[in-house]
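Novice: One structure follows; several queries about it will come next.
Nothing in this text is a laboratory measurement; each read-out follows from the coordinates by a stated rule. Since this is a predicted model, take the numbers as computed values, not measurements. Cβ atoms come from the backbone with ideal geometry, glycine included; neighbour counts cover every protein chain shown.
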Amino acid sequence: MKEEAGVDLPQVLPSGPSAFIPIEEILEEGAAQEVMSEALLSEGRADHIKMMMGLHPTYLTCFLRTHDALFQLDGPLPLSWRHFIIILASARHQCSYLVQHHSSAFLLAGGDESWLRGLHCAPPKIQHLQTLNKLLAHRPWIITQEHIQELVCPGAEARWSLAELIQAIVLMSHAHSLASFVLGCGVLPEPEQSADESLQMCSATESCCARDKARNQQEWSEAVNEVKLLMEKMMIVQQQGEEFTQEEMVTRFERERTESLLEPADVQRSVLPDCFSRFVVDADFTYQDFSPRGVQAPPTMRAQDYSWEDHGFSLMNRLYGEMAQLLDEKFQVVCALTYHTMAMHSHVDTSTLRKAIWNYIHCIYGIRYDDYNYGEVNQLLERSLKVYVKTVACHPEKTTPRMYFSFWRQFRHSEKVHVNLLLMEARLQAALLYALRAITRYMT
Ligand SMILES: CC(C)C[C@H](N)C(=O)O
């Protein structure tokens, strides 16, 4: 952690949408946008998540379409159930923002108050989702057709129809990845929510705040050089015409993956507060599996064998057509999102960098692209960025202000939020791919 020691953390922000980003910066970049004004007009105010996403209006429009479809349109599951499923999913990542928001929405939708006492008070049918919830959140590659069968097979007590199940799967994965966004961007509770959790987070920020201002000058010029260096590397990567053997490509993928597994993980276990533990079964189950021989890597899924474009989309299109289209559009928008900027530079082609981030997240989830050279991930993503990305994608509850401020010190906050958008969508797609693959196997 030596390289992080010199990071200056800004003064604590007492209020606003994020503990990491000054409110002025969010308003300046986001508030003028049309989508934000629409949200303000229709609901009287924009919530913190929307304010943060409002930094990227094209994405926000698309996100809201999916979000509205999940909670407004007809569908097999009653509205109160949908909110309850979100509570179960976000509790796995200790995301109090989402748990609180959806607890209120659950009651507003006519949900039975007693369910909020804990999972054991909900009907057995919902309780049966807990294994899938756990696997989707932490180790989706383990999901098999048997998990699907247990829930949908005709003999099963409190059986799930495939249409219901696919909706539940989308809700759970949506919540897990949104929890990554909330915790990765330091989103603060809404004024009406109780602030306990985030207060803890703020005091952590505060405690490592006071630093000597004079040193900033020198750090800034170092940071400026880092951007230049990164842009040079991007040019080199773009011009590289080198061909590698398939073995070499696989080795490079494995190298990245092994390194990512060795990043400091959440070995320290803390006791789960009751507001989450009542919705969580097997709280010790997380991304990493520490077997007696060390850390176990997820098995590889080759994108050529199962990809969103060629397989996942068409299956989802059959089972939950409208959602397949919306998700597809959201994936395309997030992957194409660019302003051609890099910190203080403009007119830059950032595609290699954005692709490296996306592919790194899929790599952490065991998904390998045959035609991608993972050496690029190594060249373009600095270590502190990798630590942040892995933490937010796999253990978002462990994100600290220090991690947020350590990477890309010279970049704009909106660019770090951009990283979070890539991160949450890549994570969502990875989880969906494994679940859909299991459904395909169940159906054939
Ligand atoms: C994540 C960032 C490096 C993205 C960059 N600002 C762009 O417009 O493409």
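Novice: For the pair K228 and L107, how long in nm is the line joining their label points, each one 7 Å along Cα→Cβ?
Specialist: Label at K228, label at L107, 5.8 nm between them.
Novice: Once the convex hull of the C-alpha atoms of the chain is built, how many Å³ does it hold per residue, rounded to a whole number?
Specialist: Working: hull volume 67.4 nm³, N = 444.
Per residue, the Cα convex hull of the chain comes to 152 Å³.
Novice: Still on this structure, please answer the following. With a cut-off of 8 Å between alpha carbons and a minimum separation of six or more residues, what is the relative contact order of the chain in percent?
Specialist: Values: 546 pairs, mean separation 115.3, N = 444.
Reported relative contact order: 26 percent.
Novice: Sticking with this one: If the only charges are +1 at each Lys and Arg Cβ and -1 at each Asp and Glu Cβ, what is the size of the charge dipole of the chain around the Cα centre, to the nearest 20 debye?
Specialist: 700
Novice: Would you report the distance distribution of C-alpha pairs in segment 333-444 as whole percents per 10 angstrom bin, up to the bin with the largest distance?
Specialist: 13, 44, 32, 9, 3, 0
Novice: Okay, next question. Calculate the length of the line joining the C-alpha centroid of segment 65-86 to that of segment 96-143, in whole Å.
Specialist: Using only Cα atoms, the two centres lie 13 Å from each other.
Novice: I'd like to know which of Q127, H138, I87 lies farthest towards the positive end of the charge dipole of segment 50-148, counting +1 on Cβ of Lys and Arg and -1 on Cβ of Asp and Glu.
Specialist: So the residue we want is H138.
Novice: Using +1 at the C-beta of Lys and Arg and -1 at the C-beta of Asp and Glu, which of L178, A324, G366 has the Cα lying farthest in the positive direction of the dipole of the chain?
Specialist: It is G366, whose Cα lies furthest towards the positive end.
Novice: Then there's this: Counting just the Cα atoms, what span does segment 92-196 cover along each of its three principal axes? Round to the nearest Å and put the largest first.
Specialist: 47, 32, 21
Novice: Then there's this: Using a basic spin-label model with each label point 7 Å from the Cα along Cα→Cβ, how many nm lie between C335 and M235?
Specialist: About 2.8 nm, to one decimal.
Novice: Under the 0.36 nm per residue contour assumption, what length would be gained going from the current alpha-carbon distance of D274 and A158 to full extension?
Specialist: Details: separation 116, 0.36 × 116 = 41.76 nm, distance 2.75 nm.
Answer, rounded to one decimal: 39.0 nm.
Novice: Using a Gaussian network for the chain with springs between C-alpha atoms less than 10 Å apart, which of these wobbles most: W81, W308, W220?
Specialist: Top of the fluctuation ranking is W220.
Novice: To continue, here is another question. Relative to 2.2 N^0.38 Å, what does the C-alpha radius of gyration of segment 347-402 come to as a ratio? Two decimals please.
Specialist: Details: Rg = 12.1 Å, N = 56, 2.2 N^0.38 = 10.2 Å.
So the Cα radius of gyration is 1.19 times the expected 2.2 N^0.38 Å.
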